[in-house]
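The values are calculated or read from the model by the stated rules, or taken from the named source; none is laboratory data. What you see is a predicted model; the values in this text were computed from it and never measured. Quick reminder, even Gly has a Cβ in these numbers, built from the backbone with ideal geometry, and neighbours come from all protein chains shown. Surface accessibility is based on the protein's heavy atoms, side chains included, excluding ligands, DNA and RNA. Shrake-Rupley method; radii C 1.70, N 1.55, O 1.52, S 1.80 Å.
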Amino acid sequence: MEALTIALTKGRLQNDAVNVFKQAGLPCDCLTQASGRKLVLEDPGGDIRYVLAKAPDVVTYVEHGAADLGVVGLDTLMEHGGQVYEILDLGIGRCRFVVAGFPDTSLEPGPKQKRIATKYPAVAGRYFKEKGLNVNIIRIEGSVELAPLLGLSDAILDIAETGGTLRDNGLVVLEGVAELSARLIVNIASMKLKQKEIRRLVERLWGGERP
Ligand code: PRP
């Protein structure tokens, strides 16, 4: 049996992904016992090697075949694309893309072009284009909720999970854009070359209980 390299998104998604793998009976003691900042974690049985990466990099590693599989949010796939197969909705990391702003914010076209702050300029660009609204998209790296508070933008397009960050900052959802969750992605060549191993893994994940 050939070893599989699986890239996991570091951070919020990491624990949920480890739980899903554990429930599926996949070897992941190397992950649960991991401490410190080690980025490559090998199952002692030699069947699986996990690597931890930032979300957009998970797609890049899988796209180039440096990893056979990856666990990454649909938000990242929608923003960055990538020539990979998306084969399973893991049902974790559930959240949604929303447009948010102050309760009295109107996104109706007016004399002034609306400014939208976002970590997802490609998604925002497509969304507002489809709506036929010509907006000015301002790229922000994080804590996007700050932008309307400081008057940098009229609204934001961002992820809401619990809604707590919006609420705590006096913002509300103006429009729902898309439902999101984490996906299992596969390198195109690995899908052929390691078909048996990937199928076995997917069957286990498919059979495992998901939240
Ligand atoms: C995300 C997102 C929101 C927040 C939403 O940011 O951009 O800010 O989580 O979650 P909530 O609805 O549960 O409050 P993240 O915590 O990933 O950090 P960042 O803004 O620094 O990227």
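Among the GluC sites (Glu not before Pro) in the range 109-211, those located in a DSSP loop and surrounded by at most 13 other Cβ atoms within 10 Å of their own Cβ are Glu141, Glu161, Glu209. Which lysines does Lys194 reach when only Cα atoms under 27 Å apart count, and residues fewer than 8 places away in its own chain are ignored? Within reach: Lys10, Lys22, Lys38, Lys54.
For the range 36-117, which whole-number percentage of the solvent-accessible area (1.4 Å probe, protein heavy atoms only) is attributable to carbon and sulfur atoms?
Numbers: 2060 of 4210 Å².
Here it works out to 49 percent.
Label reach from Ala66 (point 7 Å along Cα→C-beta): in the range 1-42, amide nitrogens under 15 Å belong to 5-10, 39-41.
So if each residue of separation counts as 0.36 nm, and I subtract the Cα-Cα distance between Lys112 and Ala189, what length gain in nm does that give?
Full extension of this stretch gives 22.8 nm more.
With the cut-off at 14 Å, report for the range 48-109 the share of all Cα pairs above it, as a whole percent.
Working: 1192 of 1891 pairs.
Cα-Cα pairs in the range 48-109 separated by more than 14 Å: 63 percent.
Put the Cα centre of the range 35-59 next to the Cα centre of the range 179-197 and the gap is 16 Å.
Whole number please: convex hull volume per residue of the Cα set in the range 1-117, in Å³? Mind showing how you got there, number by number?
Values: hull volume 18.0 nm³, N = 117.
Enclosed volume per residue, from the Cα hull, is 154 Å³.
Across the chain, the relative contact order, built from alpha-carbon pairs under 8 Å that are at least six residues apart, equals 30 percent.
Accessible surface ranking for Tyr127, Tyr85, 1.4 angstrom probe, highest first: Tyr85, Tyr127. Hydrodynamic radius of the range 96-211 by the Kirkwood approach over all distinct alpha-carbon pairs: 16.4 Å.
Here Ile87 and Thr32 are evaluated by their C-beta separation; at R0 = 30 Å the FRET efficiency comes out at 0.75.
Multiply the residue separation of Glu141 and Arg167 by 0.36 nm, subtract the distance between their alpha-carbon atoms, and state the gained length in nm to one decimal. All intermediate terms of the calculation are to be shown ahead of the outcome.
Details: separation 26, 0.36 × 26 = 9.36 nm, distance 2.02 nm.
Using 0.36 nm per residue and subtracting the Cα-Cα distance, I get 7.3 nm.
For the chain, the share of DSSP beta bridges that are antiparallel, to the nearest 5, is 60%. The value given for the chain is a Kirkwood hydrodynamic radius of 18.5 Å, derived from the mean inverse Cα-Cα separation.
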